1. At a probe size of 1.4 Å, how large is the accessible area of Ser154, to the nearest 10 Å²?
2. At what distance in nm do the modelled label points of Asp212 and Glu500 sit from each other, each positioned 7 Å from its Cα along Cα→Cβ?
3. Under the 0.36 nm per residue contour assumption, what length would be gained going from the current alpha-carbon distance of Arg266 and Glu186 to full extension?
4. According to a simple spin-label model (label point 7 Å from Cα along Cα-to-Cβ), what is the distance in nm between Glu390 and Asp168?
5. Taking Cα centroids, how far is the stretch 391-435 from the stretch 106-137 in Å?
6. Cut-off 20 Å, label point 7 angstrom out along Cα-to-Cβ of Ser154: give me the residues of the stretch 195-237 whose amide nitrogen falls inside.
7. With a ≥ b ≥ c the root eigenvalues of the C-alpha gyration tensor of the stretch 66-208, is it rounded (a/c under 1.5), prolate (a/b larger than b/c) or oblate?
8. Say the dipole of the chain comes from +1 at the beta carbon of Lys and Arg and -1 at that of Asp and Glu; which of Ser272, Pro84, Ile499 then lies farthest toward its positive end?
Amino acid sequence: MSESVMIYDTTLRDGAQSEGVAFSPEDALEVLKKLDEFGIDFVEGGWPGSSPKVDEFFKMTEELELKHSRLTAFGSTCKPGTAPEEDNNLKSLAACPVEWCCIFGKSWDFQVANALCIPLEDNLALIRNSVRFLKDSGKRVMFDAEHFFAGYLSNKDYALKTLKAAVDGGAEWLVLCDTNGGAMTEDVACAVEDVLLTFGVPIGVHCHNDADLAVANSLAAVDRGATMVQGTINGIGERCGNANLCSVMANLELKLEYELNIKDLRQLTALSTFISETANLAPNPSLPYVGEKAFAHKGGIHVSAIAKDPRTYEHIEPELVGNKRRILISDMAGRASISEKLKDFGIDIGSEESLAISNRIKALEAQGYMFEGADASFELLVRRFKGELESPFKVTGFRVFIDNIGDKLTSEASVKVIDSDGNDEHTAANGDGPVNALDNALRKALSRLFPVTDRIRLIDYKVRVLDGKSATAASVRVLIRSTDGKNSWTTVGVSENVIEASLYALVDSIEYAIYKNK
């Protein structure tokens, strides 16, 4: 196809309504720059006048020269009984230093009667007059028809009248919204087609994901003629979120061959990660296209086929969206999985070695180990097995003390270590909890022997109880993620004692850093 589709990002407004998400003005500015660099057509910056942070953000953008994106301000029609020129919301929009404004109004007769509590004709006047006010103020206006698909099913004639009111006021885009996120795909498709036959202005669509159909509904709308999709990066948003633009863009360009103004879709995964980090959200590993699991393979039969031709179990090349293939190592892994995984580490092994390693992994996983997310421990295991690596140090003893001083618990750990040359160290350190104290003591003891340990710090710590039926006597698995400021890696430890399991993971983490440093 050669049709062009516009992408409208509302991460900074609708996405910020997601639970636990808040963008500072500085955060919002960086997000805007990143979206502009990526090639997003419209970026919705927020609702002027809604908070000092939003107003500060718009003020910060006045000197910013965007290369591609058109920054858009969001708001609503004027309040019932208030003239547009007296409405604070519309006055803030008119004063905002942007060319485009997007305002929403009611298009469902139920909402007009039960939320606005005004006659249906009065709502039409609100829409028409609000759009006209902004047009007369020099703005270009989009109209978001709130609850449009519900309104279309309830009272088609009235829903269409709300769109006509917006067009009569001067709206340049009509955006049909599935505000409650419950519309079915065929209903969306039929409504979009009807609207396009009725009005001579371009149509956009704004879908929420409460029925898990936001992406499907957005694609169906484009198929029937919509030329704009509104959504958020990673689908973040209120309740179940918005249409995930990462999936929308990848599907439109790679699968349906629509033209987008995106500069390089290979930056999609990086954009997804950036937004997650800026929003202070853990990246969702299960996201299609951009998630860490999107191209992860675990079953031995799958991996064997992937080694012959990736198309056997991958619908696109991961590199097209900036992602990468991952081979997971578990008790389901066969020799093909082991061999493919070791290629990532530059390790070649024979058939007998791969079988022996596979058996060793299955035996360890029977004890509770898991190497799917602990690549560093897996690489160390293989190199030790092949005789390429000897432990550079050994922990010969440790103690952990927990004292209750007043109303505060304090932790102290002491560690004895010896390196391969017979040099030993015995030291102690305090910490915020027993594991942190043990980590501090271990790195303090090794600092003189292995200076690289000074650069290591923990960035994540997870504990999983392996058999809940055993209660407090259950074995636990500890996963530790560490970094040296440039690279990060994950290690694993298992024991019936959480402190001992943590020590195993810590030792692997430090050994891995020492090995990589050499």
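The values are calculated or read from the model by the stated rules, or taken from the named source; none is laboratory data. Owing to the predicted nature of the structure, the values given are computational and were not obtained by experimental measurement. Here the Cβ is made from the backbone with ideal geometry for all residues, glycine too, and neighbour counts use every protein chain on show. Ligands, DNA and RNA are excluded from the accessible area calculation, which covers all protein heavy atoms including side chains. Shrake-Rupley method; radii C 1.70, N 1.55, O 1.52, S 1.80 Å.
1. Using a 1.4 Å probe on the heavy atoms, I get roughly 70 Å².
2. 4.2 nm
3. Separation in residues times 0.36 nm, less the Cα-Cα distance, equals 25.6 nm.
4. 8.9 nm
5. Here the answer is 68 Å between Cα centres.
6. 195, 206-211
7. oblate
8. Ile499
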